[in-house]
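Heads up, the thing below is written out as structure tokens.
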Amino acid sequence: MNRQENSPASWAQRHLLQALLGGALLSCNVGSFASVTSPVIGKLLWSEEFNAASLDTSVWTATNGNGCQINLCGYGNQELQFYSPNNLSIANVPFEPGTRALAITALRQNIGGNAFSSGKLDTSGKVQVQYGMIEVRMATPQVGIGLWPAAWLLGVSPQVWPRNGEIDMMEMGGKLPAGLPSISPDQFVGSNVITFQQAACVPGNESCAGSTSWQTRNWYTPSRSLANRFVTYRLYWTESQMRFSVLDNGREYDMYKSPLAVNSPSLQAPFYMLLNMAVGGNFTPAATAAQVTAPLPGTMYVDYVRIYELDGKGEVKLGLQSQPEVGKFGVFTDLTLVNNKQVPGVSSDIFVWNNLAAGDIPPFEGGGVLAWRYVTPGQWFGGSVQSKQLHDMTGFRNGQIKLKIKIPANVAFKVGIQDNFTNQNAVTFPANTSAYGLLRDGEWGTATIPVAEIAGPKVALQAMLDMFQIYSVDGALPTTSFQMAIDDIIWDSGSTSLKTTQVALKKLLPAGLASTASAQTSPSSLEFSVSSAGWADVHYTVNGGETQSVRLRQDGTGSRYAAGGLKKGDVVEFRFTYWDNMRQLAVDSPSRSFTMR
């Protein structure tokens, strides 16, 4: 879909542009011996059959908005629709009796200032996949001019697109490649892979997105329309190769002439899944509402999504997979003793947003330093330290962020943080005024910022992305050039390690201090809940099977997670682990069981 799901704050907006390079970036000829061309399909790892009465919200999250709610109006593609949960349903398929499927319907409906509405859903934070054979059986409506149905995946890495990676199993409605005989848009479907590629960093493509579909055959053109009939799209994925195909009327057709070689680390990591149907936008020939001629309403049906082992490879995980950080966490440090830390270029990236060049101030400690020179008086400046993976910092709510900084006393600045949902907050250091323990004398000093204050009420500490940001203050922009340096950035929870506190808790306090519960919410769903304000995990088995550990979603009053795919008579054994903010301790609840009715 060539769009960004984890967008930055509006003042640090990145451009999302289709790659100008790419045919040679990922696609390479791999011999016929490759496993993806002679695959051995193993056991079914996970499936969504879309047979229930309604959408399973323990698996899928419906999008509600036009992108403006995440400071990305039109989702980076100038799309014309407003995504609404009301455009999603589980319905009987009119052209295939006996089949129930997910229905995504696009309408001419003015909502949120958009002329159209449609549906979109994803498994972010709920289901993620790494390798295997992914299969989606679906049917599209008559796409005509303007409809853009897609089944795709995004990397779970919190890095900005395209560094997190994008895999498009199928897209329809796009402009046909030059030289292709004139055919209906309903007889053309393509696939694509987008990653960050240094060779694609050219003027006009500031995102450095490298696309395998650029000037490369990546499509299937059936002899009859794909409208209102089911075909099956497949992705064969290993750590070294990808193959895209379409199963149509019992015969399998490859999208690309040869498998793609996986030569980007972003494609060797877990991904989550997305299904949607856009209206208009850069991918289609329709840039305005008047140019949309596709028959509406139009409904895209998805019969199922299934994930199988491929040559013994493939993994599906449920829930957020991050473990809470404890003790001291190093954002940027060399010598300070910490429980865990980021390493620039390995587990974190240093981003310069605006008007900062390399400086020459030596480090406060160790060999590394964030030394910058401000060179454009009267303009805003900013930069950040961004993690390559999510970090759960809920145990630091009552802790502090400490850093060393050397900056002229007459420069006002802000220090901020940002979560994976684009929520951002900051504290201000006024010019010529001591704040947060920082003595403003222009020399190295120490700032100590309470996490509760810098996070505020909106930043989700359980899903942290930018662990440190520094930028100018509007209305107080510097009037002269200067140098500054930051070093030894530490998050300090003020508590000991998780392992130590768990042992101490068992000795001193009874278990189950928060209210924990389970409740059957449908014939196939069991909801777990914990009243604790901190993070909470549930560990459960079904009929003595493999243990699943899932991070509950916080909703303001507590945390919840609904386990789906259950049936009458299933015995679910479960226990909870949760963080007690008052005592800064992790609590293990007693084990319990529930029999589905």
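The table for this structure:
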| quantity | calculated |
| --- | --- |
| Residue within the stretch 343-354 that is in a loop (DSSP other than H, G, I, E, B) and surrounded by 14 or more Cβ atoms within 10 Å (Cβ to Cβ) present | no |
| Checking Pro222 against (1) modelled with pLDDT of 90 or more; (2) of a type outside the set (Gly, Ala, Ser); (3) within 17 Å of Thr284 (Cα to Cα), the condition it does not meet | (3) |
| Every residue from the stretch 85-99 that is within 15 Å of Gly298 (Cα to Cα) and in a loop (DSSP other than H, G, I, E, B) | Val93, Pro94, Phe95 |
| Filtered residues of the stretch 416-432 (kept if on the phi > 0 side of the Ramachandran plot and crowded, with 16+ Cβ neighbours inside 10 Å) | Thr422 |
| Residue that is farthest from the chain's Cα centre (by Cα) [pool: residues in the stretch 416-435 that are closer than 16 Å to Val451 by Cβ and in contact (Cβ under 8 Å) with a residue 60 or more places away in the chain] | Gln424 |
| Failed item, numbered, when Lys126 is tested on (1) touching a Gly at 6+ places or on another chain (Cβ under 8 Å); (2) modelled with pLDDT of 95 or more; (3) buried (at least 23 other Cβ atoms within 10 Å of the Cβ) | (2) |
| Search result, residues across the stretch 531-574 that are of a type in the set (Ser, Thr, Tyr) and in contact with a strand residue (DSSP E or B) (Cβ under 7 Å, 6 or more places away or on another chain) | Ser532, Tyr540, Thr541, Thr547, Ser549, Ser559, Tyr561 |
| Conditions (1) surrounded by fewer than 23 Cβ atoms within 10 Å (Cβ to Cβ); (2) over 30 Å from Lys313 (Cβ atoms); number of the one not met by Trp46 | (2) |
| Condition check for Leu438: over 33 Å from the mean Cα position of the chain (by Cα) and assigned by TED's automatic domain parsing to the domain that holds Gly359 | yes |
| Verdict on Trp214 being surrounded by 24 or more Cβ atoms within 10 Å (Cβ to Cβ), of a type in the set (Phe, Trp, Tyr) and more than 27 Å from Pro297 (Cα to Cα) | no |
| Cross-chain or 6+ apart pairs with Cβ under 9 Å, the stretch 313-324 first and outside the structural domain of Gln548 (by TED's automatic domain parsing) and of a type in the set (Asp, Glu), then in a strand (DSSP E or B) and modelled with pLDDT under 85 | none |
| Search result, residues across the stretch 204-234 that are in contact with a Phe, Trp or Tyr (Cβ under 6 Å, 6 or more places away or on another chain), closer than 28 Å to Pro265 by Cα and not aromatic (Phe, Trp, Tyr) | Cys208, Asn218 |
| Strands (runs of 3 or more DSSP E) wholly inside the stretch 397-483 containing at least 1 residues that are farther than 26 Å from Lys341 by Cα | 464-472 |
| Odd one out for Ala452 among (1) out of contact with any Gly (no Cβ under 9 Å at 6 or more places or on another chain); (2) surrounded by fewer than 16 Cβ atoms within 10 Å (Cβ to Cβ); (3) of a type in the set (A, V, I, L, M) | (1) |
| Out of Val160, Val156, Val93, sole residue that is farther than 23 Å from Val246 by Cα, surrounded by fewer than 22 Cβ atoms within 10 Å (Cβ to Cβ) and assigned by TED's automatic domain parsing to the domain that holds Thr63 | Val160 |
| Per-region count, the stretch 37-69, residues part of a loop (DSSP other than H, G, I, E, B) and of a type in the set (Gly, Ala, Ser) | 6 |
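Conditions (1) more than 30 Å from the chain's Cα centre (by Cα); (2) farther than 30 Å from Glu48 by Cα; (3) modelled with pLDDT of 85 or more, marked per residue:
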| residue | (1), (2), (3) |
| --- | --- |
| Ala485 | yes, yes, yes |
| Ile489 | no, yes, yes |
| Thr496 | yes, yes, no |
| Lys499 | no, yes, no |
| Val503 | yes, yes, no |
| Ser532 | no, yes, no |
| Asp537 | no, no, no |
| Gly545 | no, no, no |
| Thr557 | no, no, no |
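The values are calculated or read from the model by the stated rules, or taken from the named source; none is laboratory data. Since this is a predicted model, take the numbers as computed values, not measurements. In this analysis, Cβ positions are derived from the backbone assuming ideal geometry, glycine residues included, and neighbour counts consider all displayed protein chains.
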